[in-house]
Amino acid sequence: MIMILSAMATGAGALPVLLIRRVSHRKMDSILAYTAGVMMAASTYGLIPASLKLTNVTVLCIGVLGGALILNLLEYLLPHVDMDHTRKSPVLPHQSLMLVAAMTLHNIPEGLSVGASLASQVEHLGMVVAFSMGLQNAPEGFLVALFLLHQNVSRRTALFMAVLTGGIECVSSFIGFYVVHISLFLVPYGLAFAAGAMLFIVYKELIPETHGHGYERLATFSFLLGLLSMIGIVEWFR
């Protein structure tokens, strides 16, 4: 049930697109920065320490760099998707499919990490990782659906695609949960891999996106709020 709720937070976060028509740069930058803070804390305060509890720095480095390199490779294999919510694209189907494919591939290691951490039997680790992923999945789902909406995709289709990416994470969570009983040594790699992938997105995509519209100070404090919120939640679980 925890794995399902964590993954489905992506679809839940996309629900507001059924009601809204447009989001200003100011609000979008705040949301992106807050999400970046959540992902930063989830990676550095949740996933990385959890990985170190189970293994050593060498494994951590391999996993983190592996996650970042895979996301970097995706940028070469998949055309870059501009997250500017004001742009109308004449290549709607291709752009939309590329975004969904990228988010789906991004969610697979996250789901594996949630399932593996829940099965690892490390105290509170499963709850912390699942909640961390769920909290960052909600704004992620909103941003995916909002991007699709402003690429002339219907509201229902945008919501369905956001739910679909969450569904893939749910499936990978169950795979990670059952695989860990056979290959326990993969758990720290999976946690570190997810951390590397999230950190790559934070520094390569989210932070730069929030510093181009004149709301850098607001974005900075939104980032800190997201960071502290996630740390507070992790501490509450402990």
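Mind checking whether some residue in the range 155-172 is in a helix (DSSP H, G or I), at pLDDT below 80, open to solvent by 10 Å² or more (accessible area, probe 1.4 Å) and out of contact with any Leu (no Cβ under 7 Å at 6 or more places or on another chain)?
no
Quick one: which helices (runs of 4 or more DSSP H) sit completely within the range 9-79 and have at least 1 residues that are under 30 Å from Leu159 (Cβ atoms) and aliphatic (A, V, I, L, M)?
Details: elements: 25-41, 48-54, 57-77.
The qualifying helices (runs of 4 or more DSSP H) are 25-41, 57-77.
So which pairs qualify, if the first residue must be in the range 53-70 and surrounded by 17 or more Cβ atoms within 10 Å (Cβ to Cβ), the second must be among the charged types (D, E, K, R), the Cβ gap must be under 9 Å, and the two must be at least 6 apart or on different chains?
Ala68/Lys204
Could you please find all residues in the range 203-216 being at pLDDT below 85 and either out of contact with any Leu (no Cβ under 7 Å at 6 or more places or on another chain) or of a type in the set (Asp, Glu) (or both)?
Start the filter on the range 203-216 by keeping residues that are at pLDDT below 85, which leaves 204-206, 209, 212-213.
The answer is Lys204, Glu205, Glu209, Gly212, His213.
Condition test on Asn137, is it at pLDDT 70 or above and at positive phi? Explain how you work it out, then say what you get.
Values: at pLDDT 70 or above: yes; at positive phi: no.
Judged against the criteria, Asn137 is not a match.
Leu148 - would you say it is among the aliphatic types (A, V, I, L, M) and either in contact with a strand residue (DSSP E or B) (Cβ under 8 Å, 6 or more places away or on another chain) or open to solvent by 30 Å² or more (accessible area, probe 1.4 Å) (or both)? So that I can check it myself, show each step before the final result.
Working: among the aliphatic types (A, V, I, L, M): yes; either in contact with a strand residue (DSSP E or B) (Cβ under 8 Å, 6 or more places away or on another chain) or open to solvent by 30 Å² or more (accessible area, probe 1.4 Å) (or both): no.
It is false that Leu148 is among the aliphatic types (A, V, I, L, M) and either in contact with a strand residue (DSSP E or B) (Cβ under 8 Å, 6 or more places away or on another chain) or open to solvent by 30 Å² or more (accessible area, probe 1.4 Å) (or both).
Quick one: in the range 9-52, of everything that is within 18 Å of Phe221 (Cα to Cα) and among the β-branched types (Val, Ile, Thr), which residue is surrounded by the fewest Cβ atoms within 10 Å (Cβ to Cβ)?
Of the residues in the range 9-52, the ones within 18 Å of Phe221 (Cα to Cα) are 24-42.
Filter again for among the β-branched types (Val, Ile, Thr), leaving 31, 35, 38.
On the way: Ile31: 20, Thr35: 26, Val38: 29.
Residue satisfying both the conditions and the ranking: Ile31.
For the range 173-193, which residues satisfy the criterion of being surrounded by 20 or more Cβ atoms within 10 Å (Cβ to Cβ) and at pLDDT below 75?
Residues of the range 173-193 that are surrounded by 20 or more Cβ atoms within 10 Å (Cβ to Cβ), as a first pass: 173, 176-177, 180, 187-193.
Result: Val180, Val187.
Please tell me if Ser229 is farther than 26 Å from Glu169 by Cα and surrounded by 14 or more Cβ atoms within 10 Å (Cβ to Cβ).
Values: farther than 26 Å from Glu169 by Cα: no; surrounded by 14 or more Cβ atoms within 10 Å (Cβ to Cβ): yes.
No.
The values are calculated or read from the model by the stated rules, or taken from the named source; none is laboratory data. Since this is a predicted model, take the numbers as computed values, not measurements. Ideal geometry is used to build each Cβ from the backbone, glycine not excepted, and the neighbour counts take in all protein chains shown. Heavy atoms of the whole protein, side chains included, go into the accessibility calculation; ligands, DNA and RNA do not. Shrake-Rupley method; radii C 1.70, N 1.55, O 1.52, S 1.80 Å.
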